There are 2 protein chains.
Amino acid sequence: MRTLTVLGATGSIGASTLDLIRRNRGDWRVTALTAHSNAAELARLAREFGAEVAVVADETHLPALRDALAGSGIEAAGGPAALVEAGARGADVTVAAIVGCAGLAPTMAAIEQGGVIALANKEALVSAGEVMLAAVARHGATLLPVDSEHNAIFQCLCGNDTADVRWITLTASGGPFRDWSWDRLTAATPAEAVRHPNWDMGAKISVDSATMFNKGLELIEAHHLFPVGLDRLRIIVHPQSVVHSMVEYRDGSTLAQLGPSDMRVPIASALAWPRRMDTPCAPLDLAEIGELTFRKPDEVRFPATRLAREAAQAGGAVPAVLNAANEIAVAAFLGGQISFTRIAAQVEDVLGSYAPPAPGSLSDVLEVDGEARARARLLVTST
Amino acid sequence: MRTLTVLGATGSIGASTLDLIRRNRGDWRVTALTAHSNAAELARLAREFGAEVAVVADETHLPALRDALAGSGIEAAGGPAALVEAGARGADVTVAAIVGCAGLAPTMAAIEQGGVIALANKEALVSAGEVMLAAVARHGATLLPVDSEHNAIFQCLCGNDTADVRWITLTASGGPFRDWSWDRLTAATPAEAVRHPNWDMGAKISVDSATMFNKGLELIEAHHLFPVGLDRLRIIVHPQSVVHSMVEYRDGSTLAQLGPSDMRVPIASALAWPRRMDTPCAPLDLAEIGELTFRKPDEVRFPATRLAREAAQAGGAVPAVLNAANEIAVAAFLGGQISFTRIAAQVEDVLGSYAPPAPGSLSDVLEVDGEARARARLLVTST
């Protein structure tokens with residue numbers, strides 16, 4: 001019997017996590033579940049799993065949550081401080097799946113309890129990687145990546161020494177525009193960008209996949225998670241998204257992790273680590289799939305991975321600036337304010353004009369994030 | 001500094017092993033080197049690596065070996081008993097690379113010393129699997145497979161529990177005849193059969209690759225090495241031979257090992273285990289390779305894998321009979337006495353007519369082997 005907290009229980013990662021827990025009820029006891037604002041769904045899940053506490057980040061939904069939990073004996077709470085408190089309750093495994101910088105503080109609180117953190121919050125590592133990994137080391141926490149690529153790398157490194165790594169290769173689907181010309185890219189619409197070929201994802205991450213910023217952010221994450229040196233990290237385009245990532249060793253052996261495009265696979269890997277647990281995912285049938293293809297990424301049409309590599313190289317506040325500028329640019333693209341190819345151009349502009357010192361704390365990170373967003377918004381309105 | 005013995009030093013696996021040792025001379029001291037009959041090459045290698053003892057299996061070459069080693073201070077010996085004694089000297093790592101049943105006794109002698117056995121002798125596991133694994137357990141030896149497929153599986157299992165395995169999938173190139181019709185197969189010549197598309201190998205193993213008996217023998221080996229149950233072992237045809245094998249876990253994760261078609265990769269993996277060592281093999285460039293394809297095996301045109309699966313299922317002496325019958329049939333095919341498609345037919349005939357009891361010792365295995373060969377030879381002459 002292990003205890004579990006899910007920060008971001010009503011999102012896609014949260015739902016996949018709880019689907020797995022539902023199939024293995026006897027093995028888990030739920031400590032805390034949190035959501036942004038969906039009080040009804042959060043209350044339903046808290047009742048189903050017998051959580052100790054349910055927290056809505058947006059306090060205006062706390063009365064609704066209280067009503068929905070009336071008579072259940074489950075504690076209801078709301079607001080940022082309650083979110084941090086939920087993380088700080090400690091659980092054997094905390095799934096950190098709150099999107100964006102809102103997830104940083106509760107994730108840090110969970111890290112400070114020293115348990116297993118199944119990390120699905122990209123911003124945590126991209127914006128606050130150095131601060132967060134220092135906390136992981138200080139508190140003896142175990143960070144298990146849930147992103148399919150990083151989880152793949154984690155699995156391929158299992159039982160090996162990072163000193164023996166020759167290359168870590170992140171695979172990228174290349175997104176819906178991988179074969180589009182520059183001219184066609186400049187005219188790409190939001191509707192076209194969110195139509196991802198392999199994964200069913202939200203709008204923001206679908207656009208990130210189309211620009212390759214998603215892979216760029218993953219490169220920065222990998223740089224923090226797997227300290228083999230940036231020059232040993234590379235990206236390959238693999239349209240079928242069957243191989244989730246690879247590690248090549250100094251002897252010429254490459255280990256790859258393959259699987260369906262179903263987040264329950266990496267989540268299960270993190271939940272059950274160092275063992276395995278059942279998932280309902282269909283076995284891999286490579287004879288049915290027939291072929292897997294690979295090609296070099298094109299950083300002229302898709303400059304995002306170059307920008308991300310430069311940001312990781314620079315370190316300090318630069319990755320946080322890149323992430324914030326990208327979020328604003330993507331929102332502006334989705335809102336019809338800027339063109340698709342302006343996303344990367346605008347990120348590069350913000351990076352060129354704002355170079356704050358390295359953040360030493362979570363509040364420094366949030367300040368950098370806020371200032372970078374403000375500068376990015378100015379660029380949108382002046383475009 | 002670790003000690004090394006190479007049983008079969010002048011063959012292809014032996015040469016690859018010593019190539020790696022040559023590049024890491026400071027880490028290794030050579031105990032024994034053995035060869036079948038090539039005394040000149042054996043003496044050259046024994047001098048180069050400062051071996052304690054050099055052994056020719058064929059005693060008629062012992063005088064030549066003595067002459068070639070004169071003044072070196074290296075002991076020279078010859079004959080089957082000297083071969084066993086070389087294995088019995090014990091070394092931290094023994095590379096068991098003698099082809100055929102001749103390798104059984106010295107490999108068993110090495111196992112009895114309890115060190116690491118890097119096993120490249122297929123017959124050892126196919127014919128004497130049960131006897132050999134009992135000895136490994138009894139003497140606390142560590143068996144590391146050097147065959148590229150089994151080494152791949154070993155790497156993919158690292159850090160995992162076999163209880164969590166859903167499938168182990170052996171990849172097969174499909175050999176040079178994978179797209180040939182039955183009619184064309186019946187007329188295939190020895191020259192066509194030995195032209196393997198990916199690996200540079202000897203005639204016997206090339207024919208085994210063309211018939212798929214090689215994959216069948218590997219299936220039997222895998223059944224001994226990785227006790228997940230025969231119904232969890234399967235074969236997939238992968239013409240590029242880049243993916244060397246795969247393991248799928250109950251959570252839907254598949255781990256695959258990829259690499260060049262160079263035996264130095266799996267040998268290095270076994271020599272350095274549980275660490276890694278450098279090899280001169282070029283890094284894997286999947287963008288350059290472009291595509292990897294997969295398809296189901298066709299057991300109508302290539303019945304070998306079906307026969308091997310049935311032999312593994314039956315256990316006892318049956319795999320030894322299959323192996324012996326195949327060796328005779330392949331020799332008959334290479335000698336122009338039987339057609340290509342008669343190889344599998346003749347193996348099936350021998351299996352149908354000879355069902356000895358399970359061997360309890362190495363001498364039982366050798367007796368079964370001898371009798372199966374005699375029966376197979378009779379079939380050749382009566383064809």
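Numbers for the structure displayed
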| read-out | value |
| --- | --- |
| Amide proton proximity set for A:Thr94, modelled H, under 5 Å, gap of 5+ | A:Thr5, A:Val116, A:Ile117, A:Ala118 |
| Beta bridges per DSSP with both ends in chain A, % antiparallel, nearest 5 | 25 percent |
| Full-stretch length increase - A:Ala287, A:Glu41 - with 0.36 nm per residue and alpha-carbon distance subtracted | 84.5 nm |
| Span from the the range A:155-228 Cα centroid across to the the range A:7-37 one, whole angstrom | 26 Å |
| B:Phe154 - accessible surface, heavy atoms, 1.4 Å probe, Å² rounded to 10 | 50 Å² |
| Part-to-part distance (alpha-carbon centres) for the range B:271-317 and the range A:286-348, which is given in Å | 37 Å |
| Protein-protein interface of the range B:236-257, residues with accessible area decrease of at least 40 Å², isolated chain reference, 1.4 Å probe | B:Arg250, B:Asp251, B:Gly252, B:Ser253, B:Thr254, B:Leu255, B:Ala256 |
| Sequence-distant residues sharing a close amide H with A:Ile338 (under 5 Å, placed H) | A:Phe333 |
| Extension gain (nm, one decimal) between A:Asp298 and A:Ser353, 0.36 nm per residue minus Cα-Cα | 17.2 nm |
| Cα gyration tensor category, rounded, prolate or oblate, for the range A:316-383 with a/c compared to 1.5 | prolate |
| Equivalent-ellipsoid semi-axes of the range A:254-305, from the Cα gyration tensor, Å, largest first | 28, 17, 10 |
| The range B:91-231: projected area of the alpha-carbon convex hull, averaged over directions, in nm² | 9.6 nm² |
| Size of charge dipole - the range A:316-383 - debye, nearest 20, with Cβ of Lys, Arg +1 and Asp, Glu -1, no other charges | 220 debye |
| Solvent-accessible area, 1.4 Å probe, carbon plus sulfur percent, for the range A:119-251 | 51 percent |
| Computed helical MRE - 222 nm, chain B, DSSP H runs ≥ 4 contributing -39500 (n - 2.57), nearest 500 | -14500 deg cm²/dmol |
| 3J(HN,Hα) from dihedral phi, the range A:303-310, Karplus parametrisation 6.51/-1.76/1.60, rounded to Hz, x for glycine, proline | x, 4, 6, 5, 4, 5, 4, 4 |
| Peptide B:263-275, shielding by other chains (average Cβ, 10 Å cutoff) | 3 |
| Accessible surface, the range B:2-145, averaged per residue in Å² (probe 1.4 Å) | 36 Å² |
| GNM result for chain B, Cα springs below 10 Å: residue of B:Asn24, B:Asn323, B:Asn38 fluctuating most strongly | B:Asn24 |
| Calculated from backbone phi, Karplus (6.51, -1.76, 1.60) coupling profile of the range B:135-147 in Hz, x at Gly/Pro | 5, 4, 5, 5, 9, x, 6, 10, 9, 10, x, 9, 3 |
| GNM result for chain A, Cα springs below 10 Å: residue of A:Ala282, A:Ala128, A:Ala40 fluctuating most strongly | A:Ala282 |
| Nearest-10 value in Å² for the accessible area of B:Phe49, using the 1.4 Å probe | 10 Å² |
| Relative contact order [Cα under 8 Å, 6+ residues apart], chain B, whole percent | 14 percent |
| Per-residue ³J(HN,Hα) for the range A:265-274, Karplus 6.51 cos²θ - 1.76 cosθ + 1.60, θ = phi - 60°, Hz, x for Gly and Pro | 5, x, 5, 4, 4, 6, 5, 8, 3, x |
| Average Cα contact separation per residue, the range B:59-182, under 8 Å, 6 or more apart, as relative contact order % | 17 percent |
| DSSP-defined beta bridges in the protein assembly as shown - what % are antiparallel, rounded to 5 | 35 percent |
| Solvent-accessible area buried by pairing A with B, both sides, nearest 100 square angstrom, 1.4 angstrom probe | 3900 Å² |
| Sequence-distant residues sharing a close amide H with A:Arg2 (under 5 Å, placed H) | A:Trp28, A:Arg29 |
| Average projection area in nm² (convex hull over Cα atoms of chain B, one quarter of hull surface) | 18.6 nm² |
| Estimated FRET transfer efficiency (B:Glu59, B:Glu367; beta-carbon r; R0 22 Å; 0.05) | 0.45 |
| Sequence-separation-based contact order of the range B:229-383, relative, with Cα cut under 8 Å and 6+ spacing, percent | 20 percent |
| Computed Rg/Rh of the range B:2-145, alpha carbon atoms with Kirkwood Rh | 0.95 |
| 22 Å Cα-Cα threshold exceeded, pairs from B:Lys122/B:Lys296; A:Lys122/A:Lys204; B:Lys215/B:Lys296; B:Lys122/B:Lys204; A:Lys296/B:Lys296; A:Lys215/A:Lys296 | B:Lys122/B:Lys296; A:Lys296/B:Lys296 |
| Cα-projected label distance for B:Ala137 with A:Ala70, points at 7 Å along beta-carbon direction, nm | 6.5 nm |
| For the range B:316-383, accessible area per residue (1.4 Å probe, heavy atoms of protein chains only), Å² | 41 Å² |
| q = 0.12, 0.18, 0.19 Å⁻¹: log10 I(q)/I(0) that the Debye formula gives for the range B:260-383, counting C-alpha atoms only | -0.67, -0.93, -0.96 |
| Apportionment of accessible area to carbon and sulfur, the range A:316-383, percent (1.4 Å) | 55 percent |
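The values are calculated or read from the model by the stated rules, or taken from the named source; none is laboratory data. Bear in mind the structure is a predicted one, so any value in this text is a computation, not a measurement. A quick note on method: Cβ atoms are made from the backbone with ideal geometry, for glycine too, and the neighbour counts reach across all protein chains shown. For the accessible areas, the whole protein counts, side chains as well, though only heavy atoms, and no ligand, DNA or RNA atoms are used. Shrake-Rupley method; radii C 1.70, N 1.55, O 1.52, S 1.80 Å.
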